[in-house]
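Presented below is the structure to which this report refers.
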Amino acid sequence: MPHFLVDCSESIFKLHSEEEVIEQVHLAAKSTELFNENDIKVRVTAFKKYTTGNKVEDFIHVFSHIMEGRSDEQKGNLSKTIVQELLSLFPTVPNIGANVIEFENANYCNRNKI
């Protein structure tokens, strides 16, 4: 925990590698000081076919899945920090966004809880 799932157009990798995207999202999450660095997980899914509205434009969207308990201000700052860092890496990509989804502790389970 936390998990950062990056959906993007495959063509952005002509500008920067998948590894650079993973590193940038990792560093952005770490910089908020909300998470232990060793717990940050980042995965990328690239799409060949997609639309953005009624056009085909490059995009990056980060779905941040975190454990409940952070304030709206902290969650907003997390999204903003991720978008700012990706904008610095991809200034010409017209669609960059992020959001936060919370896990509820009451219904979350992993191997360490068993």
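Read-outs: derived from the displayed coordinates by stated rules, not from any lab. Note that the coordinates shown come from a computational prediction; the quantities given were computed from them, not determined experimentally. A quick note on method: Cβ atoms are made from the backbone with ideal geometry, for glycine too, and the neighbour counts reach across all protein chains shown.
Of the residues making up the range 11-25, those that are without any contact (Cβ under 8 Å) to a residue 60 or more places away in the chain and either aliphatic (A, V, I, L, M) or in contact with a strand residue (DSSP E or B) (Cβ under 6 Å, 6 or more places away or on another chain) (or both) are Glu18, Ile22. Against the test of being among the charged types (D, E, K, R) and under 15 Å from Ile60 (Cβ atoms), the options Glu37, Glu33, Glu20 yield a single qualifying residue, Glu20.
Conditions tested, residue by residue: (1) of a type outside the set (Gly, Ala, Ser); (2) crowded, with 16+ Cβ neighbours inside 10 Å; (3) in contact (Cβ under 8 Å) with a residue 60 or more places away in the chain.
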site	(1), (2), (3)
Leu27	yes, no, no
Asp39	yes, no, no
Ser71	no, no, no
Gln74	yes, no, no
Val83	yes, yes, no
Leu86	yes, yes, yes
Val93	yes, yes, yes
Asn99	yes, no, no
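With respect to (1) touching a Leu at 6+ places or on another chain (Cβ under 9 Å); (2) surrounded by 11 or more Cβ atoms within 10 Å (Cβ to Cβ), the lone exception for Thr45 is condition (2).
Residue count for the range 57-69 under the criterion of being farther than 19 Å from Glu23 by Cα and either among the polar types (S, T, N, Q) or free of Cβ contacts under 8 Å to residues at least 60 places away in the same chain (or both): the result is 4.
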